[in-house]
Structures are given as C-alpha cells and as structure tokens.
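This report concerns only the one structure given below.
The values are calculated or read from the model by the stated rules, or taken from the named source; none is laboratory data. All values reported here derive from a predicted model rather than from experimental measurement. Here Cβ is always computed from backbone atoms with ideal geometry, including for glycine, and neighbour counts include all displayed protein chains. Calculation scope for accessible area: heavy atoms of the full protein, side chains included, ligands and nucleic acids excluded. Shrake-Rupley method; radii C 1.70, N 1.55, O 1.52, S 1.80 Å.
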Amino acid sequence: MTPRGWAVLTLAGLAVALVVAVALLVPWGRPPAPRADQLAALRVLPVDQVARGRALHGALRPAGWSAIVVGLAVALLLGLTPLGGRLVEAAGRPFGGHWVAQAVLGGLVVLLLADLLTLPFSAWRHTVLVRYGLNTQGWGGWAVDLLKSYAVSAVLGALVLLGFYAVVRLAPRWWWAFGAAGAAVLVMVLSFVLPVLVEPVFNRFTPMEPGPLRTELTSMAARDGVPVRDVLVADASRRTRAVNAYVSGLGPTRRVVVYDTLLREAEPAEVTSVVAHELGHAKDRDVWTGTLIGALGAAAAVVALYLVGSWSPLLRLAGVDSIAQPRAFPLLIALVTVAGLLSTPVQALVSRRVEARADAHALALTDDPATFEAMQRRLAGVNLADPDPPRWEYLWSASHPSTVERMAAARAYARESGR
Ligand SMILES: [Zn+2]
C-alpha cells in the first residue's frame, strides 16, 4: 500500500476513535434544565444588571466578529494566493533561503502578520472592557501582557515549526505519520506542562492565609477524594475585576487557585461553591478527557491536511509544489483556520456538557443549591455576563452553560433533593 493509502486508513481509524471518545467520555445524558426554570431564574435577576451585561456583550460583538472575519480573510489571502509563499521566501532570503530560516522566520512572520492585522480589534475590545470597568489595566499593562503572550507563542511556534519541517525533510513520504504523533504529543504537553510554566508569567501566587476558608477548602477536597497540596491566591486584580478559580496540577502537585478578586467579591460559602465546581473537573478527569479528544483531533487534522494538501488545484492557487514545503505554510494556516472555525461550535457544545457536569458535582458536594445560585448571580454580576445570551451566539461559542441555565440547574437540584 502507498503512504497515501495508509494515510486514508489512519484517518478513518482516528475518526472512529474520536467519535467513540466523544460519545463515551462526554456526559451527553444531562440535558439543560427546562426553559421555564431558566426564564423564572432570569426574572429574579436585577433588571439593570441584565441590561448592563447585554450592553457590554453588544459592545464587544462588533470587535469579536471583525477579528474573526479579518483573521479568516488574511489567512485565505495569504494561503490561497502566492502572496504567503512569497512572504516566507522573503523572510528566508537574508539567510540564503535556507530551509530553517524559511520554516522558522517565514512561519513566524506569517503568524505575526495575522496577529498584527487583528490587533486593532483586540485594542477595541480592551477599550470596551475598560469602559465597563471589567478590565483594570492601562495600555502599558495591556501591551506588556500582549508582548508576553507573543513571546510565549514565538518560542513555542519556533520549536513546532523547526520540528515539523525537520520531520518533513527526514521523512518526505511519511511525515504525516510522525506529524500526527507529534501533534498528539504536543496537545498533551500544552495541556499538562504549559499551564504550570505559563501561569507564573502572568500572575503571582501566594498561599492562602490559614483560616476557616482554607480549612474548609482543603477538607472538602479530601472529602471529595481529590486531595490538594495547597490553596493559592492569584493576584488577578492587577488586570481584571472578573472572578475565577481553578484546579491545576495532577496527583501530588494538585493545587486550588483562587483569584484574589473572588475572595474580595464573594462570601466564603460562595468561594467554596466555585471550588467545588473545580474539584468536579479534577474528579471527573476533565483535563484528561479534553486532552485525549484534543490529541485525537490534532492527529486526525495533520493526516487530513496531508490528504487535502495533495489536491493540485489548491497547490496551484498557493503557487507551491507540495503542502510539505515551508513556502506552503500559509496554505496550511488557511486550512487550519477554516477547520478551527468549523469545529468551534462542536468544541463549545462539548465544553458546555462537561461544565454542566462540574456544576452537578458542586451541587452534590456542597448540598447547598441556594449558595450555588447566589454565586451564579454574583458571577454574572461581577463578570458582566449576559445571563441569557442570544441563541446563535450561545451555540456558536459558549463554553459554559448560561447563567440562567446554571441557576435553573440549582433549582432542579433543590426540587429533587427536597431542599
Ligand atoms: Zn468549569
């Protein structure tokens, strides 16, 4: 069999594995709470809070959609015309067109160009968030964060580009197989190692002071069977008013991280409720589920890119002979961008189901639906959420159930448990 035949077979196998993983690991059997409960929940929210959340999201929408449209247009323009290939060539020219220079510099130039062209929309978004008091950063802090994230992406991007094109040179007929395995490993590294390395670049962490809340959080974690080594406070207030908490690390390194904004804004019982939700993610191994699905998806994407990338009309448009040469990197990015947009609603749906299960876990662990609901109201108020967003936007990108869905879930729990 030819490498192409093996690729078709591998893609079919990966697709089946992906479908099986999504079917078995994602909690599909828990539909959102009834719409009537959601509407009842919406009615108890303060009218001005709802209006403010809706106004913020209305103000953010043009910047968000413009960034998507411009990002897609740039990717298609560079990828489906010879323009992108020429850019890669130009970046490699000072180095005699060496493949390393083309691969790394050319690749980074293409990525940076797309970032720079959507930068005005990020700035627009920042002005809206500042206007609504959600973001507390000045332009200086915003720029520093931006440069930090560029630096992280550049280092990571250079390594990936170098690795990918080195493999292509070493195994011109089988690179897709190594690439698929490499992409799967990369997803694992990104989800387990990178957070631990990147977290300290953006925030400072200090152990939570001993007291009733700290004791309650550690004992709740132990009771839940997900012991944590430490409870840390992140100084998120340097940049935002938004509140959050998460559990990171695995096994002996597992720790609970609480934003200082959450401690400032919420009652201790509500903080407990948020942490109970995060413990649900740890207990149900949601990071593992996400990583496995992501790894299978990434591997399948590499094989699919190889197959789609050998389609000659596409190569002619980009003015390249093969998808595997550095000059075809912009074409690769165009295909990845389109695939990313198509998979956005699917990823959002999976995420919402997983988040709803963590909510159910929090309700069962704390057995305190009233505090859970109060916390959801507070979260919506502080984060200026649209508690009941437009349906199309929700289906497109909502990673969490809406505020009214989460409140309705608490009411359903209260009803069922007779509280
Ligand atoms: Zn969550």
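Miscellaneous remarks
- Amide proton proximity set for residue 226, modelled H, under 5 Å, gap of 5+: none
- Remark: relative contact order (the range 165-265) = 21 percent; criterion is Cα-Cα distance under 8 angstrom and separation of 6 or more residues.
- Net dipole in debye of the range 30-81 [+1 Lys, Arg Cβ; -1 Asp, Glu Cβ; about Cα centre; nearest 20]: 140 debye
- Point-charge dipole on Cβ atoms (K/R +1, D/E -1) for the range 326-419, about Cα centre, debye to 20: 180 debye
- Based on C-alpha pairs under 8 angstrom that are at least 6 apart in sequence, the chain has a relative contact order of 26 percent.
- On the beta carbon distance between residue 24 and residue 139, with R0 = 51 Å, the FRET formula returns roughly 0.60.
- Distance between the 7 Å Cα→Cβ label points at residue 95 and residue 115: 1.7 nm.
- Point-charge dipole on Cβ atoms (K/R +1, D/E -1) for the chain, about Cα centre, debye to 20: 740 debye
- Rolled with a 1.4 Å probe across the full set of protein chains, the surface gives residue 400 an accessible area near 70 Å².
- The range 318-360: proportion of alpha-carbon pairs further apart than 16 angstrom, %: 55 percent
- Residue (of 75, 272, 369) at the positive-pole extreme of the chain, dipole from beta-carbon charges: 75
- Helix-only CD estimate at 222 nm, as mean residue ellipticity for the chain, using -39500 (n - 2.57) per DSSP H run (n ≥ 4): -24000 deg cm²/dmol
- Exposure of residue 238 as accessible area (Å², to 10), given a probe of 1.4 Å and all protein chains: 120 Å²
- Selected from 343, 64, 104, residue furthest toward positive end of dipole (the chain; charges at beta carbon): 104
- Virtual spin-label span in nm between residue 288 and residue 159, 7 Å along Cα→Cβ: 2.5 nm
- Considering only 398, 243, 326, the residue lying farthest towards the positive end of the dipole of the chain is 326, judged by Cα position with unit charges set on Cβ.
- Counting only whole DSSP H helices of the chain, the ones at least 24 Å long by C-alpha along their axis and with mean Kyte-Doolittle hydropathy no lower than -0.5 are 3-25, 47-79, 107-131, 139-170, 175-192, 286-308, 329-366.
- Working note: Cα atoms of the chain, range along each principal axis, descending, whole Å: 69, 48, 43.
- Taking every C-alpha pair closer than 8 Å and separated by at least 6 residues, the mean separation divided by the residue count of the range 87-151 gives a relative contact order of 21 percent.
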